[in-house]
Every structure is written in structure tokens, then in C-alpha cells.
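The values are calculated or read from the model by the stated rules, or taken from the named source; none is laboratory data. Predicted model only: the values in this text are computed from it and were never measured. No Cβ is skipped: glycine too gets one built from the backbone with ideal geometry, and neighbour counts run over all protein chains shown. For accessibility, only protein heavy atoms count, side chains too; no ligands or nucleic acids. Shrake-Rupley method; radii C 1.70, N 1.55, O 1.52, S 1.80 Å.
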Amino acid sequence: MPPTDPRPALRLPTYSGCELAGLVLLSALVGATGALGASYGLGQGSPALDGAATLVVAVAGGALFAIAACLTDGAYGRLLRPARPLRSRAGGGRRGGRPLRQRLGRMAAWLVPEWDRRRLGRCVALMALCWLPWLVANFPGGAYWDTYYQIWQTFPGSHPISIIPFGEHGPDTVTDAYFCDHHPLLDTLIYGAFAQVSQALTGAWQAGSLAFVTLQGGLTALALTAACARLRRWGAPRGAVLAAYGFFCLAPFVSTWALTMVKDSLFSLAYVPYFLLLGEVVRTRGAVLRPGRRRALAWLVGLGVLLCLTKKTGLFVVVPTALVAALAYRQCWRAFALQAASCAAVMALVLLLVVFPLMSVAPGGKQEALGPLLQQTAAYVAAHSGETTEQERAVIDAVVPYDELASLYEWSCHDNVKYEFRLDASLGDIASYVGVWAAQGLRHPETYFAAFMGVASGYVAPVQTLNIRSTTCETTIDNVLVLYNPDALDPLREGMAGAYAAWEGTPVACLPLEACLYVWWLPLLLAFVAWRRRLRCGLLFVPGAVVLAFCLIGPIFDARYCLPLLYTVPLLALMVAALLRPAVPGPGPAAGREALAAASRSSGPRWLAGEPWPASSAPGRGGGASWPVEPVGHGGVRDGAPSGSDGEAPAAPAGRPLRLEWSQVRAKRPLD
């Protein structure tokens, strides 16, 4: 008689009243944002759906999300059940009766990244090979006009420079400074160094651009592969790790942006190890940063400062995350306090008071921070100009030219308005303008909401696919082309870009390319699973939430703004799986009892850090111990021990104690 499979088929778990309420609220949020985003996105800044249609779409979208949440939670719940044993047939078949599943498993095991130098190198090389066609087609690498202007500042003959160097704004914003802080100075110096060396050796920027994107792409491949390998070591399932690794290898919006010379790609490269370090903090309940762990502390501070230096919004990602982590993991609050203080000191003191004066760096202007407000004012003037009083008009005109606002307004782009910002506006003028902005918003909030949704809709509804960058900025110096895409590669580049565009335009099939899938839907699905399974890993969602917030108020929809989420959402899914399973046996330190003992001193909020568990009786996690309790069948545990998160306890093999994982335990503390 053939052995039966001890692991039951996938089925929907049962929910408590609180869990059902949370699911309903989350589904309502997703449905409402999706319906409103689709309405304003399809209507190009105006609602395309009436109230009844919007409600129907919201209910349908919420219902679909609820189903997806239950299926996702059920799939993660399977990780808590006994593994299905491999069965072999006696005789028959090829290779001595080895079943197909076992052969495929061996093949998958060969491809899965592991925390081993040889296998890691092999997987990095394979990912680089998958990215190679894009590197060749986009030679010498993608770039933006912003990148060109950063490089241009490093050449002495390009001065004086302009704070707003776009179109007719350049002559009006000229400054005598050598650099402009419109873009991060570190990025400018790095890009300029590659271009300067290339110009000196070859007379063009081509070689320097190719060298930079190759180096950046190689480091990105290494970071993503190493993250997959590390999460496999933490206990993430082999199949899930292979899926994440395959996603990074094959997704065009990952490879093309990794091979683009732009600040967002450099920032996202540093974001991957930063996110992985946060995962280590959550996994060990802060033990990785206990006093004496100088290497981990150096990585924490160094990565935080690097994120701030490679993109200005990095400061607002690192510091709030550090503050939340300090509250959640109080045993290592000093480490996160040091990180936040270091980032603030570098950005507010070292750069502003030391580096900028020494290197003659001009500030980038206040128009970037005021962009969302100026866009809403332009929308108000375009729709309700007759309701603006003379006093309000004068206040607005002191910041931006009032008479041009209606013609400058574009529903999906803030740049036209913010580039008209008057650089000589005083702080008093700006304060008065903010007051007028608030007053007009109270009169017509629907107009402000429409202006906001013009960009935000692409991130919360399936109305915008992820764009890729396949061209560079054609640049000429003294009538000599120094940066360009060779004509000989046009057929290859245009063919690959055309194939991607065809994929974008195919209904239903384009769903994997929708931005909202990676920045909104999947993070919320994982947040629901983590909340219901009581994983206490809320810290992992904090930096992504800040990145998403800046995407929503960004000047335009662009995949590069949400690139950190594209890199780390698959890793987040693996982290949630790893927190549900014990670590993979193998060499190297395990979290184990050391982490649990350190966690007993934690007193942070339960959702973020969890209640402390005694090291002697805490459920096994990351190589830790397990509870030797006796099963009483399918549905509970004797002696008052808590049941699994689905209200079920799988039967243990005869003579062996039931192993309850950390996430299965519902009580605040295990019973003695």
C-alpha cells in the first residue's frame, strides 16, 4: 500500500472575528484605492467613473483582494505542516526508478542560490548572463538628462551652471557656484569621475558609461543573489527562493534599471543590504546589534549614511525607520540612535557647513519640496480661477507666476509648474503661500485630490505599467559626440524595447508589469499574513512605506522611483516565509537560543518586536528549540498549550513530539 501524503491540500484557513475585521478593512482599502486610481488614471486627472460604477469596482476589487489574501495566507500556512516525503518507485522508469519530481528537485537545487562562495559565484554569473542582452542592446547604458547634467558639472568648461537647467529656465537661474545640489553631490562626483577618465583615455564618455553600468549591474546582481542565498540559509523554502531568483534574472524592469546610470539605481543598490540587515534584526529580535557587535553596527551606520548620500529622500527613509526600530527593539536602541544621529549629522552639518562651502556647492532650491503643493495650486487655478481673490493671487504670484499656472498645468507631471518657482521667494512668501494653499484646498478638496491622483493612481491601481530605460542622452562637446547609442545596435535595442512594449499593451498578460502589484498589492498581502501569523515583523514594512509615500507625491510616474520596492518585495516574501520556518541546517551561526535569550530583554510593541519568550521554552525559530508537547489530533494541543494560527495542529509522527513554530503560538507567553 503506497504511503499517504501527511500534508493536506491547500485550503482556506479559519479566521477569528478580529482577523476577519482586519481582512475586511484591508480589502476595503485596496478596493477603494484601486477604484479611485482607475477612475482618475483612465480619466487623465478627472474621474472617468461615476459614483455607482466606482462603488462596484471597489467592491469587486476588494473581494478579489480578500480571496488573494486568504489564498496567500493558506499557502504560507502550508509551511507549518510536515513536509511531503519523496517516494521512489521500486524498479521501472529511467535512472533506476527515480521519479520526475526528484530529478526536477535536484535540478532546482543546482540553481537555487546558497550561502556558499562557489554556488554564489555561479548564480551571480547566471544572473549576469541573463542581463547581458540588455547591456549589449542599450550600450553604453541607459541615462537620463539629469545624469548628463551631473556629469557636465564636473567639467571646468561648463561653468557657470544653473540651478534649474531645463529649457528656458537655465539663463534665469545661473549661479556662480561650481556644483549644484539639485542632485546628490556624491552621485555627481562618481558619474563625473567615470566620464572624466573616459574622456581623457578615449575622447568620449562611452567607455566610462559602460564601465559604470557594468560595475553597478554586477554589484546589483551580487546583492540580489546574496540576499536570496542568505534568506535560503534563514529557512526560506527552496522553491520560493528559486522563484525570487528567477524573477530577478528575467524581469526586464530589474535588469534595465540596474544597468542605468541614474541616482535611483545607485540608491536601490545600497537599499538591498540595508533591507537585509533589517531582516536580520527582526529575525534575531535585535540580538545582531547587541553591544560588542561592531561589524554589524558599522554596516548599519554605513549603509544608512550611504542611502542618504545617494538620494536626498534617503534621510527620510533611514531616520524614521531607525526611530521605529529603536522603540521596537529597545535592547539595541543605541545602535539605531547612532545611525539616525550619524545620518542627520552628515546631511545637516558635514555637508552644509563643511563640504558645500569647500567645494562651492549651491543649494538645489525649494521647488522640489513644494512641487505637490504647486501642482495642486495650478489645478485649482485651471478649474476655479474666478474664485481666487486679489490677495490670494498676489501671494501665489510671489512664489510662481500666477498668470501662467493654468497653461502650465499637466495632470500627470509636476515639472512644468515647479520649474517656474521664483528662486528669490523668501521664507515669508512661502509661508503665506502655504496658508493660501490650505484655504483653497478647503474650498475645493476634490480638485486637490484629482491633482494628487494624477501621479498616485499609477502606484495604487492597474493603470500604469513599469517603464524601462533603453536609451542614453545624446551629448555633444565641441561638435563631437561623446555619449550616444550606436546606430548599429538600433535594431537590437528597438526590437527588445518593442517586445516589452507589446507585452505592456497585452491585456491580462501585462498584469506582472503593473506597478501597483509590487508597490501596493503584494506588500499589503504580506502585511496581512505577517499580522495574522503574529510574526512581529512590522519593521520590515516601514522603509517601503516611506518609499511608497514619496512615489505618491513624486513629480511624475516613473519606475525608477519605486525601484527599491521592486528589488525588495520578493525578498520580503522570502523573509515572511523564513520567519515561519526553522533555519536550513548547515554551517555558520544560527539565531537560536542566543537570539531568544536576547529577545527576553526586549519590551517593544508586539506588532513590531513581539513579546519576549523564555529561551528554554520558546518555539523553535532560526535553529532554536521546540516545545515537546503531545498532540491530541487535528485541532489542538493538550495541557493548555496554544494551538496553531489556523486552530489546527498537524499530527506528529509516532514517538516524536509535535514541533510548534514561533508563528503558530497565540498566547502571549508559553505555559509552564
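The table for this structure:
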item: Unique match (being closer than 26 Å to TRP115 by Cβ and at pLDDT below 95) among GLY292, GLY304; result: GLY292
item: Selection count where residues are of a type in the set (Phe, Trp, Tyr) and part of a helix (DSSP H, G or I), scope segment 410-449; result: 4
item: Given (1) crowded, with 20+ Cβ neighbours inside 10 Å; (2) more than 25 Å from MET347 (Cα to Cα), number of the condition LEU129 does not satisfy; result: (1)
item: Failed item, numbered, when SER360 is tested on (1) in contact with a helix residue (DSSP H, G or I) (Cβ under 6 Å, 6 or more places away or on another chain); (2) in contact (Cβ under 8 Å) with a residue 40 or more places away in the chain; (3) open to solvent by 40 Å² or more (accessible area, probe 1.4 Å); result: (1)
item: Boolean, ASP187 is within 23 Å of GLN367 (Cα to Cα) and surrounded by fewer than 17 Cβ atoms within 10 Å (Cβ to Cβ); result: no
item: Considering residues of segment 325-357 that are β-branched (Val, Ile, Thr) and more than 26 Å from the chain's Cα centre (by Cα) only, the residue least open to solvent (accessible area, probe 1.4 Å); result: VAL355
item: Among (1) in contact (Cβ under 8 Å) with a residue 60 or more places away in the chain; (2) out of contact with any Ser or Thr (no Cβ under 7 Å at 6 or more places or on another chain); (3) in a helix (DSSP H, G or I), the one test that SER407 misses; result: (1)
item: Long-range neighbours under 9 Å by Cβ, at least six apart or interchain, first residue in contact (Cβ under 8 Å) with a residue 40 or more places away in the chain and at negative phi within segment 56-72, second loosely packed, with under 15 Cβ neighbours inside 10 Å and hydrophobic (A, V, I, L, M, F, W, C); result: ALA66/VAL24; CYS70/LEU12; LEU71/LEU10; LEU71/LEU12
item: Checking VAL197 against (1) exposed (fewer than 15 other Cβ atoms within 10 Å of the Cβ); (2) more than 24 Å from LEU135 (Cβ to Cβ), the condition it does not meet; result: (2)
item: Of all residues making up segment 18-46, the number that are under 17 Å from PRO445 (Cα atoms), modelled with pLDDT of 95 or more and not hydroxyl-bearing (Ser, Thr, Tyr); result: 2
item: Tabulated pairs, segment 229-253, first at positive phi, second open to solvent by 20 Å² or more (accessible area, probe 1.4 Å), C-beta under 8 angstrom, 6+ apart or interchain; result: GLY235/ARG581; GLY235/PRO582; GLY235/ALA583; GLY235/VAL584
item: Long-range neighbours under 8 Å by Cβ, at least six apart or interchain, first residue surrounded by fewer than 18 Cβ atoms within 10 Å (Cβ to Cβ) within segment 17-46, second in a loop (DSSP other than H, G, I, E, B) and among the β-branched types (Val, Ile, Thr); result: LEU42/VAL463
item: Counted residues, segment 450-489 - those being without any contact (Cβ under 8 Å) to a residue 12 or more places away in the chain and not in a strand (DSSP E or B); result: 5
item: Residue in segment 275-289 that is crowded, with 20+ Cβ neighbours inside 10 Å and over 23 Å from TRP234 (Cβ atoms) present; result: no
item: Hits in segment 208-235 - residues which are modelled with pLDDT of 95 or more and open to solvent by 30 Å² or more (accessible area, probe 1.4 Å); result: LEU210, ALA211, THR214, LEU215, GLY218, LEU219, LEU222, ARG230
item: Filter pass, PHE267 being within 21 Å of ALA109 (Cα to Cα) and not aliphatic (A, V, I, L, M); result: no
item: Entirely in segment 490-602, the helices (runs of 4 or more DSSP H) that have 2 or more residues that are open to solvent by 10 Å² or more (accessible area, probe 1.4 Å) and at pLDDT 95 or above; result: 490-504, 522-532, 542-552, 563-580
item: Number of positions in segment 186-233 that are in a helix (DSSP H, G or I), within 15 Å of THR154 (Cα to Cα) and of a type in the set (A, V, I, L, M, F, W, C); result: 8
item: Check on THR388, at pLDDT below 95, out of contact with any Lys or Arg (no Cβ under 9 Å at 6 or more places or on another chain) and either surrounded by 18 or more Cβ atoms within 10 Å (Cβ to Cβ) or farther than 24 Å from LYS312 by Cβ (or both); result: yes
item: Filtered residues of segment 498-538 (kept if farther than 27 Å from GLY34 by Cα and touching a residue at least 40 places away in the same chain (Cβ under 8 Å)); result: ARG534, LEU535, ARG536
item: Checklist (1) more than 23 Å from LYS312 (Cβ to Cβ); (2) open to solvent by 40 Å² or more (accessible area, probe 1.4 Å) applied to TYR380, failing item; result: (2)
